[in-house]
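The values are calculated or read from the model by the stated rules, or taken from the named source; none is laboratory data. Here the structure is a predicted model, which is why all the values come from computation and not from measurement. Cβ atoms come from the backbone with ideal geometry, glycine included; neighbour counts cover every protein chain shown. These accessible areas exclude ligands, DNA and RNA; they are computed on the full protein's heavy atoms, side chains included. Shrake-Rupley method; radii C 1.70, N 1.55, O 1.52, S 1.80 Å.
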Amino acid sequence: MDRRTRSTTANPLKRGADRTRTRLHVAFAVVCALAVVCGVMIGQSVWNHGSGAAEEIARHRHTAMATTTAGTRYVASSGVSGLPATEAAATWHYPANRAHTQTVPVPDGTRKGDAVRVWLDDNGDAAAAPPATVDIAASAIGYGTGALCGIVLAAGAVVFVRLRIVDAHSIKAWEAEWADIEPLWSGRLRPGRGTGDD
């Protein structure tokens, strides 16, 4: 028998449990590769959706210069952005013949009478700024990474449980085989057998 023939012959010393472990490890590696692909696809989808939504919002957002009419105050949730911010009452004109007065987010240190730039909607009311590219990218990365980690963790848990089951069965099989072989190997008689027993 040549070397190539011997290399393709099943290893008689390799147990079924060993082959099962190998298959589980290979399956886990494949799932990890698929998880990377899924994570990239989900991240790309979130990016495309977020970019499209940001472009649509930007079409209906405008900026104008406003003048603060009162001092600032810190709020845990701004009525414009919904985020923590320093706010102050301000007045502006948009369109040019329409006056608006509203509380808007302003930079820290703003004083009464200072000029600030505000974001407005088509009606001239204060509105949140369009989503920034960095925020869209962070969201895409977060969703993609979350999907990848979720798939890998779920697959890892399944493989871990299956390996524990395989190990348990392997130990039981080994103990059963050892119970038959050990008396012959050590010369010790098994219970219930005589000296002349086969």
Problem - For the range 37-44, Karplus couplings with θ = phi - 60° (6.51, -1.76, 1.60), whole Hz, Gly/Pro x - result: 4, 4, x, 5, 5, 5, x, 5
Completion exercise
Between ALA29 and HIS49, Cβ-based FRET efficiency (R0 25 Å, step 0.05) works out to 0.20
Practice task
Step through the residues of the range 53-70 one at a time and calculate ³J(HN,Hα) from phi using the Karplus curve (6.51 cos²θ - 1.76 cosθ + 1.60, θ = phi - 60°), rounding each to whole Hz and writing x for Gly and Pro.
Solution key: 5, 5, 5, 5, 5, 4, 5, 10, 10, 9, 10, 8, 8, 10, 10, 5, 10, 7
Practice task
Would you kindly state how much longer the chain becomes between ASP108 and ALA138 on full extension, computed as 0.36 nm times their sequence separation minus their alpha carbon distance, in nm to one decimal?
Solution key: 8.3 nm
Handout entry: Neighbour-limited loop hits for trypsin sites (Lys or Arg not before Pro), the range 13-56 (at most 15 other Cβ within 10 Å; DSSP other than H, G, I, E, B)
Key = LYS14, ARG15
Problem - the range 64-108: C-alpha pair distances exceeding 18 Å, % - result: 28 percent
Practice task
Output the direction-averaged projected area (hull surface divided by four) of the convex hull of the alpha-carbon atoms of the range 27-141, in nm².
Solution key: 9.0 nm²
Completion exercise
Mean accessible area per residue over the range 82-173 (1.4 angstrom probe, all protein chains present, square angstrom) is 59 Å²
Fill in the blank from the handout: Taking 0.36 nm per residue of separation between ASP125 and ALA70 and subtracting their Cα-Cα distance, the length gained on full extension comes to 18.0 nm
Completion exercise
Applied in sequence order to the range 123-140, the curve 6.51 cos²θ - 1.76 cosθ + 1.60 (Karplus, θ = phi - 60°) yields integer Hz couplings, x standing for Gly and Pro, of 8, x, 7, 4, 8, 6, 5, x, x, 7, 4, 5, 5, 5, 5, 4, 5, 4
Fill in the blank from the handout: Taking placed amide H atoms and a strict 5 Å upper bound, the residues 5 or more places from THR103 or on another chain that come that close are ALA90
